[in-house]
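Engineer: So that we are looking at the same thing, I have put the structure below in structure tokens.
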Amino acid sequence: DQQVKQNSPSLSVQEGRISILNCDYTNSMFDYFLWYKKYPAEGPTFLISISSIKDKNEDGRFTVFLNKSAKHLSLHIVPSQPGDSAVYFCAASHQRLTFGEGTQLTVNP
Amino acid sequence: ETGVTQSPTHLIKTRGQQVTLRCSSQSGHNTVSWYQQALGQGPQFIFQYYREEENGRGNFPPRFSGLQFPNYSSELNVNALELDDSALYLCASSSGVPSSGANVLTFGAGSRLTVL
């Protein structure tokens, strides 16, 4: 039972444009949602989070949107930079973190 | 401040053997969680340790076991290794109330286990 799903295994964008990564979930008990970024040979690093009582959280170039009725969240990166190229994991929390499968983002110069 | 360190970084075992993976948590963190990441998948929760006791477990068989020590470091032990146990094993530490969704996990780089 995959409670957190990222349906796009990969995404390619041009430098300076917007990157939009999507995530869907099924468990209504999740109370926090987080995004982690992972470079090769490194562990995932925390990027940004949002509480289930909010619909938007912004931190610099990164914004996370939460649509509870649709059980959907998205991560927007504006403007995208080549250094943003990494695997992005969506994660949801209810006593423990449940991760999606990840999306490989490639930002082309 | 040092982050989360894991050892060994890579290891190869044969089916039926046993393995122990080690993790030193970030300074000031009292909770350790272990995750298994198979190729092309997201990390899957194995279990969490808080105050030296197991505090939640994912859908993994009893041959996956762990320990947390008084200095908050931790071990993951896997007995009777199977081919499907080949994966990246990630350790993560955090502070605060373990069940709080607001707790941010700090991950190590992982231990890559190959079972032949």
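Engineer: Suppose we keep just the DSSP beta bridges with both residues in the protein assembly as shown; what percent of those would be antiparallel, to 5?
Structural biologist: Taking every DSSP beta bridge within the protein assembly as shown, about 90 percent pair in antiparallel fashion.
Engineer: Shape call for region B:26-72 from the C-alpha gyration tensor, a ≥ b ≥ c root eigenvalues: rounded (a/c under 1.5), prolate (a/b greater than b/c) or oblate?
Structural biologist: oblate
Engineer: Let me ask something else. With Kirkwood's inverse mean 1/r over C-alpha pairs for Rh, give me the Rg to Rh ratio of region B:55-116, two decimals please.
Structural biologist: Dividing the radius of gyration by the Kirkwood radius yields 0.98.
Engineer: Identify which of B:LEU11, B:LEU81, B:LEU90 has the largest mean-square fluctuation in a Gaussian network model of chain B, with springs joining Cα atoms closer than 10 Å.
Structural biologist: Between B:LEU11, B:LEU81, B:LEU90, it is B:LEU11 that shows the largest mean-square fluctuation.
Engineer: Okay, next question. Using the Karplus curve 6.51 cos²θ - 1.76 cosθ + 1.60 with θ = phi - 60°, what ³J(HN,Hα) values do you get for each residue of region A:96-103, in whole Hz, with x for Gly and Pro?
Structural biologist: 8, 8, 10, 9, x, 7, x, 10
Engineer: Explain nothing, just compute: Karplus ³J(HN,Hα) = 6.51 cos²θ - 1.76 cosθ + 1.60, θ = phi - 60°, for every residue of region A:104-109 in order, whole Hz, x for Gly and Pro.
Structural biologist: 7, 9, 10, 10, 8, x
Engineer: How fast does region A:37-109 diffuse by Stokes-Einstein, in µm²/s, taking the Kirkwood radius from C-alpha pairs at 10 °C and 1.306 mPa s?
Structural biologist: The Stokes-Einstein estimate is 119 µm²/s.
Engineer: Find the relative contact order for chain B and round it to a whole percent, using C-alpha pairs within less than 8 Å whose residues are 6+ positions apart.
Structural biologist: Computed value for chain B: 36 percent relative contact order.
Engineer: In bins 10 Å wide, starting from 0, what share of all Cα pairs of the protein assembly as shown does each bin hold, as a percent?
Structural biologist: 8, 33, 35, 19, 4, 0
Engineer: Assign unit charges at the C-beta atoms only (+1 for Lys and Arg, -1 for Asp and Glu), then state the dipole size of the protein assembly as shown relative to its Cα centre in Debye, rounded to the nearest 20.
Structural biologist: Result for the protein assembly as shown is approximately 140 debye, rounded to the nearest 20.
Engineer: Using modelled backbone amide H atoms (1.01 Å from N, in-plane), which distant-in-sequence or interchain residues come within less than 5 Å of B:GLY56's amide H?
Structural biologist: Under 5 Å from the amide H of B:GLY56 lie the amide H atoms of B:GLN48, each far enough along the sequence or on another chain.
Engineer: Apply the Karplus parameterisation 6.51 cos²θ - 1.76 cosθ + 1.60, with θ equal to phi minus 60°, to every residue of region A:5-10 and state each ³J(HN,Hα) to the nearest whole Hz, in sequence, with x for glycine and proline.
Structural biologist: 10, 10, 7, 9, x, 8
Engineer: Any idea what the dipole of chain A comes to, in debye rounded to 20, about its Cα centre with Lys/Arg Cβ at +1 and Asp/Glu Cβ at -1?
Structural biologist: I would put it at about 120 debye.
Engineer: Right, another one. Charges at C-beta only: +1 for Lys and Arg, -1 for Asp and Glu. How large is the resulting dipole of chain B about its Cα centre, in Debye rounded to 20?
Structural biologist: It works out to roughly 180 debye.
Engineer: Ok, one more. Could you work out the relative contact order of region A:15-109? I mean the mean sequence separation of Cα pairs under 8 Å and 6+ apart, divided by the number of residues, in percent.
Structural biologist: Once divided by the residue count of region A:15-109, the mean separation gives 34 percent.
Engineer: With unit charges on the beta carbon (Lys/Arg positive, Asp/Glu negative), name the residue among B:GLY28, B:GLN18, B:PRO62 whose Cα is farthest towards the positive pole of the charge dipole of chain B.
Structural biologist: B:GLN18
Engineer: Here is a further query. Treating chain B as a set of equal point scatterers at the Cα positions, no solvent, please give the Debye-formula log₁₀ I(q)/I(0) at q = 0.19 Å⁻¹.
Structural biologist: -0.95
Engineer: Give me, ordered by chain and number, the residues 5 or more places off A:GLY102 or on other chains with an amide H under 5 Å from its own placed amide H.
Structural biologist: Correct list: A:GLN6, A:CYS90.
Engineer: Counting only other chains, what is the mean number of Cβ atoms within 10 angstrom of the Cβ of each residue in peptide A:40-48?
Structural biologist: For this peptide, the per-residue mean of nearby foreign Cβ atoms is 5.
Engineer: I'd like the mean, over residues of B:29-42, of how many other protein chain beta carbons sit within 10 Å of each residue's own Cβ.
Structural biologist: Mean shielding count: 3.
Engineer: Ok, one more. Return the average number of partner chain Cβ atoms within 10 angstrom of each residue Cβ along peptide A:96-103.
Structural biologist: The shielding value for this peptide is 6.
Where a number appears in this text, it was derived from the coordinates with a stated rule and is not lab data. Note that the structure is predicted; figures quoted are calculated from it, not measured. We place every Cβ from the backbone using ideal geometry, glycine too, and count neighbours over all the protein chains shown.
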